[in-house]
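Working notes for the structure below.
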Amino acid sequence: MKKITILALHLGYGGIENAIMSLANLLCEKYEVEILSVYRLYNEPAFSADDKVKIKYISNIKPNKKEMIYYLKKKNFSMFFKGIAASIKTGYVKYVKTATELRKLDTNVIISTRTVHNFLVSKFVKKNIKKIAWEHNHHNNNKKYVNSLVKSCRGVDNLICVSKELADFYHKYLGNKVLYIPNCLDNIPNKTSKLTSKSITSVGRLSKEKAFDDLLRMFKKISVKNPDWTLNIIGDGMQKNELLELCDELKLSDKVTFHGFQNKDYINNVLLDSSIYVMTSHTESFGLVLIEAMSYGIPCISYTSAQGANEIIEDGVDGYLIENRDENEMINKVQELITNENLRKKLGKKAKEKSMLYRGDVVLEKWDKIINKRK
């Protein structure tokens, strides 16, 4: 049985970490799978691992990059300088200790999930081991990021992109080593939302790029006409306090529930009791949460700025895509779905059908071809 190692920065909450665990759980049915995690943020991974998946942590140190940026912005130099020693330790682990682990790695295939790890894998992993880079982030036309990723992939065998758009983009730089494989659903639910609950849901990290502030302002206008509808926001992050304050300012505290970080079962139960899913992200390379919502037969609405959504949602068929971050148009489409239950169910049925394209067996077949292809 072939052994596959997935190199992760950490196993906390986040889209990449969700995808890592989903892939590990998928691959372990046919392969020996190990996740090698640089940092250990929690006693247990945020997303559940199959019992067959082995997890090894390089260090128990927690990175403090976000805290350091926060202290610097707030000009809290006392806390900033106190954190420098910890930053040096995390940097040592991220590069030196990780390189040491990679040198002695005994596996058939290694899958790298960060640009910095692509460099380390290329340089320190044995030549006979197949090296796969797995890209989840959208470049957003950032030339520095693009150049860094391309350079990091010169020493790997393949670059797997989670969207067709990304694969086409990087093909110009790296040729046929670039392949497209979407993320997949952990499972297809045997239940479907009745779409009768007066509830809108959005899931994601509470950070600037997810634009939950835009969602709150938009929902304020929606709730004027629809005072009995509520909004679920599932996730946590650096913007939590700001968003809670904004929610109070907009007088929405009785209509918006901030659920915080939650496990898959909890999120699935919320989705099952939802009728509309809304994504307001400025950028999104794939958008697995859209597929998860669709698997419950929920119509989804997203701005086209969330690039991954453009490949998932078929406008007017299983949801809506809103161009140019047009808030009024977004509100109009949400309003249409609120007032027309038959329309919700029509789009929701198509959304459920669309989610079948992201079944585990479909995606596993694509990974099999790459894993078993000779170097």
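Odds and ends about this structure:
- Residues that are farther than 30 Å from I160 by Cβ and part of a loop (DSSP other than H, G, I, E, B), drawn from the stretch 259-279: D273, S274, S275
- Qualifying residue in the stretch 213-235 (condition: closer than 26 Å to G14 by Cβ, surrounded by 19 or more Cβ atoms within 10 Å (Cβ to Cβ) and modelled with pLDDT under 95): yes
- For the stretch 241-248, the condition of being assigned by TED's automatic domain parsing to the domain that holds V289 and under 17 Å from K333 (Cβ atoms) holds for none of the residues.
- Selection count, the stretch 232-258, where residues are β-branched (V, I, T) and assigned to a loop (DSSP other than H, G, I, E, B): 0
- Those helices (runs of 4 or more DSSP H) lying entirely in the stretch 280-375 with at least 2 residues over 19 Å from the mean Cα position of the chain (by Cα): 327-339, 341-355, 360-372
- The set of residues in the stretch 110-133 being under 27 Å from A309 (Cα atoms) and either hydroxyl-bearing (S, T, Y) or free of Cβ contacts under 8 Å to residues at least 40 places away in the same chain (or both) consists of S112, T113, T115, V116, N118, A133.
- When V289 is tested against (1) at pLDDT 95 or above; (2) within 23 Å of I188 (Cα to Cα), just one condition goes unmet, and that condition is (1).
- Meets criteria (β-branched (V, I, T) and under 24 Å from F286 (Cα atoms)) for V203: yes
- Residues satisfying the stated conditions in the stretch 308-320, i.e. surrounded by 22 or more Cβ atoms within 10 Å (Cβ to Cβ) and not charged (D, E, K, R): G308, A309, I312, I313, G319, Y320
- Extreme residue, farthest from H171 (Cα to Cα), among residues of the stretch 121-136 that are assigned to a helix (DSSP H, G or I) and in contact with a strand residue (DSSP E or B) (Cβ under 8 Å, 6 or more places away or on another chain): V121
- Against the criterion of being modelled with pLDDT of 90 or more, surrounded by 15 or more Cβ atoms within 10 Å (Cβ to Cβ) and in a helix (DSSP H, G or I), H117 qualifies.
- Some residue of the stretch 156-177 being more than 25 Å from A309 (Cβ to Cβ), in the same structural domain as E34 (by TED's automatic domain parsing), in a loop (DSSP other than H, G, I, E, B) and at pLDDT 95 or above: yes
- Condition met for V146 (more than 20 Å from the chain's Cα centre (by Cα), among the β-branched types (V, I, T) and not assigned by TED's automatic domain parsing to the domain that holds Y266): no
- Qualifying positions in the stretch 325-362 - at pLDDT below 95 and of a type in the set (V, I, T): V362
- Selection count where residues are in a strand (DSSP E or B) and either surrounded by 21 or more Cβ atoms within 10 Å (Cβ to Cβ) or in contact with a Gly (Cβ under 9 Å, 6 or more places away or on another chain) (or both), scope the stretch 178-189: 1
- Matching residues, the stretch 269-297, being surrounded by 19 or more Cβ atoms within 10 Å (Cβ to Cβ), closer than 30 Å to Y180 by Cβ and not hydrophobic (A, V, I, L, M, F, W, C): S274, Y277, T280, S281, E284, S285, G287, E292, S295, Y296, G297
- Highlighted here are the helices (runs of 4 or more DSSP H) found entirely within the stretch 1-106 that include at least 2 residues which are β-branched (V, I, T) and at pLDDT 80 or above: 15-27, 98-103.
The values are calculated or read from the model by the stated rules, or taken from the named source; none is laboratory data. Just so it is clear, the structure is predicted and the values come from calculations on it, not from any experiment. All Cβ positions, even for glycine, are placed from backbone atoms using ideal geometry, and neighbour counts span all protein chains on display.
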